[in-house]
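Take a look at the structure set out below.
Each reported figure results from applying straightforward, stated rules to the coordinates on display, with no laboratory input. Every value quoted in this text rests on a predicted model; they were computed, and no experiment measured them. A quick note on method: Cβ atoms are made from the backbone with ideal geometry, for glycine too, and the neighbour counts reach across all protein chains shown.
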Amino acid sequence: MSELIHEHGLSKLFSVLLLIFTASLAVILTVVPSSSFQREVESEVKSLALLVDLPQWLEVTNLVTTRYSEHYIQSGIQDNISDALLPKSSYKIKEIVEKYKGDFILSRVVNNLHILAYQMTYRITILGFWLFLLLPYFIAIIHDGYTERRIKMYEPKQISIKGSRIWTRSIVYIVILVFSYLVIPNFMGVTVAAWFPLIMLLATGYAIKKTISNYMKVA
């Protein structure tokens, strides 16, 4: 693990996450029309109904609405963003952007930021929803990983160090994948959007199991 931290330091990981967020934000704010972005988010939310029953879907969507309202609207973040980018008084910067027909662009940027905030609220909520349902799976697979490790500790055959490093590094890849899921718009289609967080968590559990089962054998 110390090698993992040395090779993929926190500053390096943070730089990658910041690059992903910046690139995604640039695309969302400058390329994607607000109407298209909103339709994509609405379709993604509706796609959850493909996997869960109506009461569960209503529970999740109501929770998203409540969290979005409390943490984004009522907290004043929404108004602050609108006031900062769309000043009501005659600021010099406003006069400049209006001269170059930037008023429409600023409106789209503000709308897309609001939609992005809702998208992130939904995705964080849905990850928590699936994580709670998969809790027995994670408990079982972590226990299985420790069991495999204890068995391997008594085996004369040493496992591949290269293979062990791949699974250990998967922790970094998982962090990047989860972060990317939170900030990148849905370009995968309705069906894939419904399955993606569930599949990602299942794969995360398997990667954690392999990391645990291999780590102490090489350390």
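Calculate the FRET efficiency for residue 35 and residue 202 from the Cβ-Cβ distance with a Förster distance of 30 Å, rounded to the nearest 0.05. Here the calculated transfer efficiency is 0.30.
Applying 1/(1 + (r/R0)^6) with R0 = 22 Å to the Cβ-Cβ distance of residue 187 and residue 10 gives a FRET efficiency near 0.15. Using R0 = 25 Å, the C-beta based FRET efficiency linking residue 63 and residue 27 works out to 0.35. Taking a point 7 Å out from the Cα of residue 150 in the direction of its Cβ, the residues of segment 183-214 whose backbone N falls within less than 18 Å of it are 209-214.
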